[in-house]
Every structure is written in structure tokens, then in C-alpha cells.
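The next block holds one structure in the form of C-alpha cells; read it before the comments.
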Amino acid sequence: MTASPIALPATVDARTAIYSVFGFIIVYQILSRLYNGIRDYQLSTSNGCQPPPTYPHKDGVLGLHHLLTLIKAKKINRVPTAFCEMFDDTGSNVNTIGHYVLGKKSYWTRDADNIKAILHSSFQDWGLPPARKATFDACLGGGIFGVDGAEWEHSRAMLKPSFNKTQMSDTATLEKHAQKLITRIPDGEEVDLANLFPLLTMDVGTEMLFGESVDSLSISELKQATEFTHCFDYIVHTISKHMSLPFLTRLPDPKLKLCVDFVNRFAEGVVDQTMSSEEKTSAGGKKKYIFPTELAKMGLSQKQIQIEVINIMFAGRDTTAALLSLIWWYLAKRPDIVSKIRNELEPLGSRAPTTEEVKKLHYLKNVVNEVLRLHPINPLNSRTAIRDTTLPRGGGPDGQSPVFIRKGQQVMFTSSGLQRRPDLYGNDVMELKPERWNTLKPTAFEYIPFGGGPRICPGQHLALLEASYFTVRLLQEFQSVEPLNEGPFQEAFAILVTSGDGVRVRFSRTK
Ligand code: HEM
């Protein structure tokens with residue numbers, strides 16, 4: 001007689017299966033780390049590379065403690081400063097570090113030579129991080145901002161002629177929207193410019209990109225226009241969430257789908273309309289420059305035009321609004337700077353400047369440069385190595401050896417880290433000092449508010465023109481501006497830097 005087998009309860013079987021899966025994952029992780037470690041060491045020493053210092057994590061390679069530090073920094077609006085501290089906490093004169101998040105190694109750098117290698121000299125070795133591609137695919141349907149390789153090359157080549165500087169400097173369009181902005185600012189009463197600037201840049205952006213402005217500053221009578229802005233804002237908010245927590249791209253988000261569909265239908269409608277209608281003229285009487293028409297001339301299909309136009313709106317709307325907000329946060333607090341700009345504006349009287357006149361406002365240019373130095377709108381960016389490669393500097397005890405980067409590893413580069421380096425910008429780096437630009441001549445990769453290399457921002461001239469033009473017009477219209485924000489600048493960060501407590505000011509037409 002054989003003994004009957006003891007039937008195990010189902011929960012025990014399930015538990016064994018779970019333990020086995022976890023056990024397998026842990027063993028796999030240990031073995032692959034060991035394998036990668038040995039391979040990295042061999043490849044790295046054969047190239048004369050040495051590892052950079054590792055950030056002094058309090059919890060070994062887990063990196064959870066530092067992740068919490070960054071989350072806390074986000075809550076109290078000091079993320080860009082926390083980026084700088086990562087290097088300073090690792091050691092003095094350290095500009096490239098190894099860093100762990102949940103046990104996964106990445107690298108951080110604020111070394112201009114390394115940033116130059118990533119963005120320019122070894123451009124072919126680097127691609128966009130998979131999270132950026134997935135996010136932009138889900139939210140914008142692809143397009144220049146979220147693709148790399150041949151797809152990006154094609155997009156960029158198609159868009160390039162349309163970003164031609166002279167065509168995009170239509171100050172007549174800017175003036176029309178400047179007047180609408182001014183009517184929204186009550187004389188002698190509190191106004192939060194951080195609420196108005198995104199409406200302004202949305203209005204200018206839609207006019208430039210679609211040929212027709214959604215006119216949100218004119219207290220949106222159009223329900224469609226308000227809906228467009230609302231949906232667009234939700235998409236931007238989702239992109240920012242997904243970029244920090246990439247696993248969210250895998251979760252269903254019905255509202256995102258509705259918003260993406262709406263924005264696409266809207267863009268499809270206006271692109272269709274723009275391309276079938278007669279040539280328009282701008283407020284200045286010149287032939288109106290309309291993006292979709294220019295892109296169609298390059299042979300892009302309706303669908304491609306629609307996707308690229310939404311990408312450009314994403315790239316240009318909130319960034320330019322954030323720059324204007326930063327400029328005005330400081331102008332309200334710094335009458336000394338305002339008075340120097342006013343001196344420069346004297347020859348104009350109350351007349352609107354031309355593009356050429358704006359470009360000649362040297363002190364104002366210094367102010368904008370300095371604001372973008374201290375608070376680059378995109379303080380953090382990253383690329384993933386698409387083949388084994390090296391960074392030219394940062395390894396070894398003196399930080400002068402190249403650093404080996406394995407295919408698939410991510411390197412984060414921080415413009416706030418770079419542009420607040422005392423050895424590059426002086427010991428007063430945290431002070432907003434436009435005068436430093438009288439003598440300062442940073443190299444192309446020591447100052448990167450618009451990125452660099454082949455993917456450098458194609459909209460930078462338009463952004464600088466817009467920011468300067470609207471600043472001039474506000475200063476000409478109002479004789480004084482009083483700050484209502486208290487305390488230092490709150491660096492709110494979610495992909496972009498904005499003011500955490502708005503830009504509350506009181507303008508007055510009299511002194
Ligand atoms: C203050 C305003 C702006 C800032 C700070 C800014 C910054 C940047 C940066 C840093 C990049 C490079 C991103 C990367 O390398 O991953 C970029 C790319 C881009 N920007 Fe801007 N930008 C601004 C305004 C604009 C405007 C007004 C437009 C268009 C009207 C625009 C269109 C684009 C496009 C299409 C790209 C992608 C280029 C490519 O991947 O080849 N940007 N921008």
C-alpha cells in the first residue's frame with residue numbers, strides 16, 4: 001500500500017511560486033550586475049577610462065534616500081539648487097558623478113566638455129531616453145521633440161527652412177497681442193503675470209503656427225479656443241508627470257486620450273483651413289507667414305504637419321511664457337535694472353520697436369541672458385548611449401580621465417549645475433547681475449539655455465524676440481511696477497522652471 005501524497009494548500013503553492021520569481025529576479029540582477037561590472041571594467045581600462053566619483057548615497061546603491069531628497073526639493077521649490085548640490089556633496093571641483101536610483105546606475109554631469117560630447121562631437125552615440133520617446137508618442141503622436149535617429153533628421157530638415165529668422169520676426173503680430181495683454185492689466189491693481197503670459201504665448205503661437213490666434217487674452221468668446229487651451233495644458237501636465245515617473249505611460253488615462261483627440265482634431269481643422277484658404281496678410285500688411293503652409297511647401301503630409309505643429313506649440317508656448325515670468329519676477333524686485341533698461345529705451349519714446357531695434361538693446365539682452373543663466377528654463381536634460389561610448393572627462397581621482405558609458409546607460413546633464421559654477425561665472429553666481437555679460441564670453445557649451453549641437457532649439461530667436469518685445473512694451477506702457485511676491489525666487493520645477501508663487505505685481509501708469 002502506498003501512502004497518499006499530502007495535498008498542499010493552494011496558498012503554499014502560490015507562495016512558493018512568488019518566492020521563486022523574486023529569487024530568480026534577485027539572482028538575475030546580481031549576475032547581470034556582476035557581468036556588466038566586469039565588462040565595464042575591461043572596456044573602460046582598455047580605453048584609459050576611469051570611473052567618476054559616486055554620489056555619497058546614504059543607502060548604498062539603492063539611491064532611495066537621495067530620490068526622497070529630490071522629491072522634497074520639488075515640494076519646497078528648490079530642485080535646480082538640489083541638482084548643483086549633488087556635485088558639491090560628492091566633492092570639491094566635481095563636475096561628473098555616478099548616481100543610483102533604485103539600484104540603477106546613471107551619470108550626471110555639469111562639465112561643458114562632456115555636454116559638448118553628448119550634444120555635438122559624439123552626437124551619433126546618443127539617443128533620447130526611452131521614457132521621453134514613449135511619453136511624446138503617447139501625448140503628441142511623435143514629432144521632432146520625441147524622436148531621434150533618422151526620424152529626427154527628417155523632421156529637423158523639414159522644419160529648418162520654416163524657422164528662418166527673418167520670416168519669423170513679425171513684430172506686427174507681436175504688437176497686436178501686446179495691446180491685448182496691456183488691456184488685461186489693471187492700472188494700480190494686483191495682477192499675476194504668471195497667469196497672463198501663457199495666454200499671451202498661446203495666442204502668439206497659434207497665430208504663428210495656425211494662421212489664426214485662439215485669442216485667449218480677449219476673454220475667450222470661442223468655446224473651442226478655451227477647450228483647446230484646457231486640453232493642451234492637460235497634455236503638457238501629463239508629459240511632465242510621465243517624464244518623472246515613466247511607468248505612468250503604461251497606465252490608461254481616458255482624459256489624456258480625450259485631450260489628445262481634441263487637440264488633434266483642432267489642429268487638423270485649422271491646418272486644413274489654413275492650407276485651403278487664400279494667402280493672408282499680417283497686421284502690418286505684409287504677406288502673412290504661416291507655419292503649416294511653409295511645411296506643406298517642404299512636402300510634409302497633412303498628418304505630419306499636424307503633429308509637428310503641436311510639437312512646436314509644446315516646445316515654444318510654456319518655455320517663452322516661463323522666460324517672461326522670470327524676467328518680470330526680477331524686474332519687479334530690481335528697480336536698478338528697470339531704470340537701466342528705461343535709459344536704453346529713451347530714444348524710442350512710446351513707439352513700438354522694430355525687430356532690428358530690439359536686437360540693439362544691449363542691456364536688455366544682458367538681462368535676458370542673465371535670467372536664463374541663473375534660471376535656465378530647462379535645467380535638466382538627458383541622453384541614453386545607443387552604443388558603448390565615453391565622456392571625455394570626469395574619471396579618476398583628478399577628474400581628468402575619460403569615463404566609460406555602456407550602451408543603454410543614461411547621462412543627465414544639468415544647465416543649472418553648469419551655469420551656476422563659480423569657476424565659470426564667478427563667486428557671485430547666485431546673484432542676478434546683467435553687467436557680468438559686458439565681459440563674459442562663455443563657450444557654446446558653457447551656456448546652454450537653448451541646448452546645443454544639431455538639436456539646438458530652432459525657436460531661440462523667436463523666443464528671445466518675444467520676451468524682449470513684450471518686456472519693452474510693458475515698460476513703455478507702465479511707469480512703475482511694484483513687487484507683491486515676498487521672499488526669494490521659488491524655483492518650481494516640472495520639466496520647466498517657473499515661479500512657485502506666481503509673478504504678482506502692481507503696475508501703474510504714473511510714477
Ligand atoms: C525661452 C524659450 C525656450 C527655451 C528655453 C527653449 C529651450 C530648448 C531646449 C533646451 C531645447 C533642446 C532640447 C534637447 O536637446 O533635448 C529645445 C528644443 C526645441 N525647441 Fe526650444 N526653447 C524655447 C522656445 C522655443 C520656441 C519659441 C520654439 C518654437 C516656436 C521652440 C522650438 C523647439 C523645437 C522644435 C525643439 C526641438 C529641436 C530638435 O529636437 O531638433 N523652442 N528648446
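Summary table
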read-out: Size of electric dipole in the chain: Cβ of Lys, Arg +1 and of Asp, Glu -1, about Cα centre, debye, nearest 20; value: 760 debye
read-out: Percent of alpha-carbon pairs separated by more than 22 Å within the range 314-430; value: 54 percent
read-out: Of all DSSP beta bridges in the chain, antiparallel share, percent nearest 5; value: 85 percent
read-out: CD proxy at 222 nm, helix term only [per DSSP H run n ≥ 4: -39500 (n - 2.57); per residue of the chain; nearest 500]; value: -16500 deg cm²/dmol
read-out: Calculated FRET efficiency for the pair residue 339/residue 439, C-beta based, R₀ 25 Å, to 0.05; value: 0.70
read-out: Cα-based helix-to-principal-axis angle, 460-477 vs the chain, degrees rounded to 10; value: 40 degrees
read-out: Geometric extent, Cα atoms of the range 130-508 - Rg, Dmax (angstrom); value: 21.1, 66
read-out: Estimated inter-spin distance, residue 387 and residue 101, nm [label 7 Å along Cα→Cβ]; value: 2.7 nm
read-out: Other-chain or far-sequence residues with amide H under 5 Å of residue 54's (modelled H); value: 98
read-out: q = 0.19, 0.28, 0.33, 0.34 Å⁻¹, the range 454-493: log10 I(q)/I(0) [Debye, one scatterer per Cα]; value: -0.85, -0.91, -0.98, -1.00
read-out: For the range 133-203: span of alpha carbons on each principal axis (Å, largest first); value: 54, 31, 12
read-out: Helix axis angle, 64-75 relative to the chain longest principal axis, alpha carbon, degrees; value: 20 degrees
read-out: Over 25 Å (Cα to Cα) - which of 72/441; 116/359; 340/360; 180/359 fall in this group; value: 72/441; 116/359
read-out: Where trypsin sites (Lys or Arg not before Pro) fall in DSSP loop in the range 371-433, at most 15 other Cβ within 10 Å; value: 387, 406, 407
read-out: Sorted largest first, extent of the range 366-441 alpha carbons per principal axis (Å); value: 43, 27, 18
read-out: For the range 337-369 versus the range 228-242, the gap between their alpha-carbon centres in whole angstrom; value: 34 Å
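All of the numbers you see were taken from the coordinates with simple rules; none came from a lab. Treat the numbers as computed from the prediction; the structure is a model and nothing was measured. All Cβ positions, even for glycine, are placed from backbone atoms using ideal geometry, and neighbour counts span all protein chains on display.
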